[in-house]
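Asker: For reference, the structure I am asking about is given below.
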Amino acid sequence: MQLAQEALRVTALAAAPILLTALSVGLLVSMLQAATQIHEMTLSFIPKLVALGIALMVVGKWMLYLLINFTEQLYQSIPDLIG
């Protein structure tokens, strides 16, 4: 059970920067669209794509470190899990 909790924690930590970036950019674009009454679908897609690319460049190294660290701990705990 502890392993599942740790996996969920790592997943949430790894996904949080990307999800929060998409949420904030989507909110800003939606407010801009509501203010200008321009409802073009690509207007919401392109800024999110650019922001997510920038976010991945900024936090990608940290996310990779987090996943590698979890995987190493998982492999090291295999003997304890077996018996």
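Asker: Please determine, by comparing only the residues of the range 1-52 that are outside any helix (DSSP H, G or I) and more than 30 Å from residue 69 (Cβ to Cβ), which one is modelled with the highest pLDDT.
Answerer: Ranking the candidates gives 37 first.
Asker: Of everything in the range 20-48, what is under 19 Å from residue 63 (Cα atoms) and either touching a strand residue (DSSP E or B) at 6+ places or on another chain (Cβ under 8 Å) or loosely packed, with under 13 Cβ neighbours inside 10 Å (or both)? Give them in sequence order.
Answerer: 20, 23
Asker: Looking at the range 54-70, is at least one residue over 20 Å from residue 21 (Cα atoms) and either surrounded by fewer than 12 Cβ atoms within 10 Å (Cβ to Cβ) or among the polar types (S, T, N, Q) (or both)?
Answerer: Yes: one or more hits.
Asker: Which residues, taken from the range 46-83, are free of Cβ contacts under 8 Å to residues at least 12 places away in the same chain and among the charged types (D, E, K, R)?
Answerer: Residues satisfying the conditions are 61, 72, 80.
The values are calculated or read from the model by the stated rules, or taken from the named source; none is laboratory data. Keep in mind that what you see is a predicted model, and the values were worked out from it rather than measured. For neighbour counting, all protein chains shown are included, and Cβ atoms are generated from backbone atoms with ideal geometry for every residue, glycine included.
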